[in-house]
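Here the structure is laid out as structure tokens; the discussion comes afterwards.
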Amino acid sequence: MVEKYEDPIDTPTDGYMRLGIRSHAKGTFHSYVEKGKELETAKMFRVAANNFIVNITFGWEHAVAITDESDAGKLVSHRFPQYSFENGMIPMFFKYLILDENFKHHLELSSPGGAGRNRVLKLNDMLEYKMKFPCEDEQRKLASYFDDLDHLITLHQCKCHLLLKLLHNDWEQRKLGDVLISLQNNTFSRADLSNESGVAKNVHYGDVLIKFGEVLDVSKEQLPMILDESVLTKYKASFLQNGDVIVADTAEDSTVGKCSEIAGLNDEVILSGLHTIPYRPAEKFATGYLGYYLNSCAYHNQLIPLMQGIKVTSISKSAMQDTDIVYPKLMEEQTEIGNYFYALDHLITLHQRKCEETKKLKKYMLQKMFPQNGQTVPEIRFSGFTDAWEQRKLNEYFNVSTAKNKDNHYGKEDVLSVSGDYGIVNQIKFQGRSFAGATVANYGVVNTGDVVYTKSPLSTNPYGIIKANKGKAGIVSTLYAVYKPCKNVNSEFVQVYFELNSRMNNYMQPLVNKGAKNDMKVTAENALKGGVCFPKLNEQNAIVEYFRSLDHLITLHQCKCHLLLKLLHNDWEQRKLGDVLISLQNNTFSRADLSNESGVAKNVHYGDVLIKFGEVLDVSKEQLPMILDESVLTKYKASFLQNGDVIVADTAEDSTVGKCSEIAGLNDEVILSGLHTIPYRPAEKFATGYLGYYLNSCAYHNQLIPLMQGIKVTSISKSAMQDTDIVYPKLMEEQTEIGNYFYALDHLITLHHRKYTSTLKSP
């Protein structure tokens with residue numbers, strides 16, 4: 001798959017650019033070396049793009065990478081061997097494949113010896129590792145797909161520049177009527193407009209509500225045309241300009257007030273149409289600011305008590321005049337906010353596109369990963385599975401459950417419903433109320449892992465649907481049939497199997513007789529008598545994991561960033577770090593002083609904070625090194641870490657100094673903050689995750705940059721940090737939402753890095 005690549009040169013006597021490899025597969029970095037001869041080696045090696053490269057000293061710590069064009073020409077020592085790929089291998093695909101935890105484990109096994117630098121990677125052992133990979137075309141497509149996702153991750157990692165400025169002292173708050181001048185709209189209906197030609201373009205309220213976003217780039221949209229030439233004189237004073245805002249003053253719900261800011265306009269004549277209020281700023285605003293701000297929850301909440309109507313809701317121009325508009329005085333700050341939200345719009349577009357792509361992939365796999373009628377082998381299959389699938393009756397995998405809620409162990413709050421899109425859900429949480437009868441004593445008990453067949457016809461499934469209970473136990477009405485799985489089946493696999501509508505319908509049709517009221521005339525027992533084709537349990541499990549990842553990815557894409565609506569929330573605090581966080585004591589144990597096996601206390605080392613740990617460090621899931629010295633139990637007793645404490649790395653080789661991790665998942669363990677760290681404890685309660693994500697944001701970290709000291713090694717002091725600003729919502733619920741939002745994004749990133757440890761291939 002790879003072969004050794006070498007491009008030796010004489011070690012430079014003068015300065016040169018050296019390439020390094022970050023641990024944990026974090027990529028490469030470059031540094032300038034002033035005197036090459038200090039290496040005391042006659043030869044060095046030039047790096048080439050698109051090679052596999054490894055640091056044999058830290059191979060055990062996953063110090064591997066795929067080089068790119070920016071790395072080409074940099075120099076490395078013999079401890080950084082390179083390998084070129086054979087024909088048919090796409091290097092950028094392997095950039096993601098080498099992230100595999102199994103490969104990391106193999107590198108550890110291939111690096112015998114003691115700790116640290118004594119664990120030198122044996123290259124021959126490393127090259128014995130077997131990787132599974134698809135054909136060249138599929139490698140290229142997967143690489144492109146993951147590149148797009150990495151771009152998405154980059155956008156996520158902006159971490160909301162706007163957060164720092166939410167309570168900016170230099171903001172204006174004025175009445176809308178003092179800032180925006182109303183223009184005249186026309187009253188042409190859809191029927192009066194043309195999609196082909198006319199004398200002026202028209203912005204209709206329906207398009208503002210549904211089609212157009214916060215900023216309407218008229219150069220990219222096909223707008224309907226007005227045919228009546230009289231508008232050129234009648235509405236001349238109201239020809240729209242870039243920066244004007246069009247408000248939809250009528251809607252069927254509380255979306256009334258949605259607006260679009262005009263952009264991309266050249267010499268066209270454009271007018272504001274039926275059921276709209278066009279506004280022109282009385283002063284200059286940065287492109288995008290008004291469009292995004294007037295659509296924010298912070299502003300729109302002012303409109304809700306002003307809305308009138310029942311079936312059709314409207315808002316008047318006069319009512320809007322007295323609402324408040326908040327904006328920064330500085331044009332640069334307005335621009336930054338506009339650009340920020342533009343990037344988020346792009347992010348949402350990417351989410352939507354990736355969501356649809358993932359849905360299409362799921363539908364395709366639902367067809368290809370299961371045998372066609374009369375077949376016993378699927379077209380696409382996980383490698384390692386070769387046995388034919390078995391043709392059996394469904395009753396060989398499930399038994400009818402007769403468990404009833406006779407003791408009223410479960411109440412109405414535990415009643416479950418079955419949804420075609422969402423599976424088995426809690427009725428009250430999903431539908432807002434309970435539809436249960438006066439008593440639930442005769443309801444069927446559904447345990448976790450049970451399967452439920454609902455006889456209610458759906459538009460796409462006229463014979464009902466089958467879903468597995470992935471959540472808590474509960475009860476269902478007698479209209480449902482409940483089944484308990486045997487040991488030879490994964491109930492989630494059965495849900496996936498029947499998720500393809502045609503497969504579900506073809507299975508149930510011969511078993512069901514429809515009554516006069518369109519109800520299903522089929523017993524719980526008879527619903528199991530149809531034929532299915534299932535693989536063995538281990539292959540079922542692999543298929544379940546694959547589709548579970550796809551579903552989770554779809555769900556995350558569909559989140560659409562709830563946080564966006566609260567970016568201009570009025571109820572935020574801005575305080576000095578020294579007033580909010582209390583510093584604790586750290587220890588000074590080096591790596592050599594610690595054990596990976598046993599000890600009296602766990603230790604958080606600054607290097608792990610910088611490279612290994614994320615914004616939230618769940619100590620229940622991480623293997624932390626141990627302190628052997630028993631004296632720490634008394635010396636640092638007052639500084640034993642707690643959930644919610646934050647550990648800041650105060651030293652680094654670059655501007656990553658200040659990166660931190662918030663402690664979570666801690667039970668009764670003793671954990672201390674180690675070498676080159678500053679541990680902090682909040683003086684007041686914060687929601688889990690908020691401090692970890694906020695203190696790692698660009699908005700906060702930019703405050704640290706002018707406070708950093710040093711050249712080769714950069715550091716920051718505890719005293720310097722005291723005067724930095726921390727911004728946070730007063731409401732714990734809002735902190736929680738922000739923490740959960742970023743936690744979900746981190747989970748998404750984790751999914752991306754996993755990159756399917758089992759690669760699909762055609763048999």
Filter the cross-link list LYS467/LYS536; LYS406/LYS536; LYS26/LYS712; LYS429/LYS470 down to pairs whose alpha-carbon distance in this structure exceeds 27 Å.
-> LYS406/LYS536
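Would you mind ranking VAL256, VAL604 so that the residue whose beta carbon has the fewest other beta carbons within 10 Å leads the list? All intermediate terms of the calculation are to be shown ahead of the outcome.
Working: VAL256 25, VAL604 28.
Least crowded to most crowded, the residues run VAL256, VAL604.
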Can you spot the lysines whose alpha carbon is less than 22 Å from LYS236's alpha carbon? Ignore those fewer than 8 places along the same chain.
-> LYS201, LYS284, LYS317
Which residues in segment 420-449 have a backbone N closer than 16 Å to a point placed 7 Å from the Cα of SER459 along the Cα-to-Cβ line?
-> 420-422
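Just want to confirm a number: the relative contact order over the chain, from Cα pairs under 8 angstrom separated by 6+ residues, in percent.
Working: 1446 pairs, mean separation 79.5, N = 763.
That works out to 10 percent.
Please work out whether the chain counts as rounded, prolate or oblate from its C-alpha gyration tensor, where a ≥ b ≥ c are the square roots of the eigenvalues and a/c under 1.5 means rounded, while otherwise a/b larger than b/c means prolate and anything else oblate? Don't jump to the answer; show the numbers that get you there.
On the way: a/c = 1.57, a/b = 1.10, b/c = 1.42.
Cα axes put the chain in the oblate bin.
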Segment LYS637-MET89, length gained on full extension (0.36 nm per residue, minus Cα span) = 191.8 nm
Given Cβ charges of +1 for Lys and Arg and -1 for Asp and Glu, the option among ASN643, HIS78, MET508 whose Cα lies farthest towards the positive end of the dipole of the chain is MET508
Per the charge dipole of segment 2-131 (beta-carbon charges, Lys/Arg positive, Asp/Glu negative, Cα centre), the residue among PHE58, MET92, THR28 reaching farthest to the positive end is PHE58
Taking a ≥ b ≥ c as the square roots of the eigenvalues of the Cα gyration tensor of segment 575-727, is the shape rounded (a/c under 1.5), prolate (a/b larger than b/c) or oblate?
-> prolate
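Please give the FRET efficiency for LYS132 paired with ASP551, using the beta carbon to beta carbon distance and R0 = 22 Å, rounded to the nearest 0.05. Intermediate values should be presented prior to the final figure.
Working: r = 23 Å, r/R0 = 1.06.
Between LYS132 and ASP551 the formula returns 0.40.
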Ranked list, fewest to most other Cβ atoms within 10 Å of each Cβ, for GLU525, GLU34, GLU261 = GLU34, GLU525, GLU261
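Is segment 6-121 best put as rounded, prolate or oblate by its Cα gyration tensor, with a ≥ b ≥ c the root eigenvalues, rounded for a/c under 1.5, and otherwise prolate when a/b is larger than b/c, oblate when not? Present the calculation step by step, with values, prior to reporting the outcome.
Working: a/c = 2.07, a/b = 1.28, b/c = 1.62.
Here segment 6-121 falls in the oblate category.
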Using only helices, what value at 222 nm comes out for the chain when you add -39,500 (n - 2.57) per DSSP H run of length 4 or more and divide by the total residues, to the nearest 500 deg cm²/dmol?
-> -7500 deg cm²/dmol
Result row for the chain, helices from DSSP H with C-alpha axial extent 27 Å or more and mean Kyte hydropathy at least -1.0, is 136-156, 331-368, 537-557, 732-754
Using alpha-carbon pairs under 8 Å, 6+ residues apart, how would you state the relative contact order of segment 572-665 in percent?
-> 33
Extreme residue, positive dipole direction of the chain, given options LEU458, GLN308, THR634 (C-beta unit charges) | LEU458
Find the relative contact order for segment 575-727 and round it to a whole percent, using C-alpha pairs within less than 8 Å whose residues are 6+ positions apart.
-> 34
Computed label-point distance, nm, for sites TYR32 and GLU413 using a 7 Å Cα→Cβ extension = 6.6
Could you calculate the FRET efficiency of THR588 with THR13 from 1/(1 + (r/R0)^6), where r is the beta carbon distance between them and R0 is 30 Å, rounded to 0.05?
-> 0.20
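With respect to the cross-link table entries LYS4/LYS659; LYS141/LYS359; LYS472/LYS621; LYS258/LYS329, which display a Cα-Cα separation exceeding 26 Å? Write out the running numbers ahead of the final one.
Working: LYS4/LYS659 37 Å; LYS141/LYS359 17 Å; LYS472/LYS621 24 Å; LYS258/LYS329 24 Å.
Over 26 Å Cα-Cα: LYS4/LYS659.
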Taking the Cα centre of the chain as origin, work out the dipole magnitude from +1 charges on Lys and Arg Cβ and -1 charges on Asp and Glu Cβ, in debye rounded to 20.
-> 2360
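Each value in this text was obtained by applying a stated rule to the coordinates, not by laboratory testing. Because the structure is predicted, anything quoted here is derived from the model rather than measured. So basically every Cβ, Gly included, is an ideal-geometry build from the backbone, and we count neighbours across all protein chains shown.
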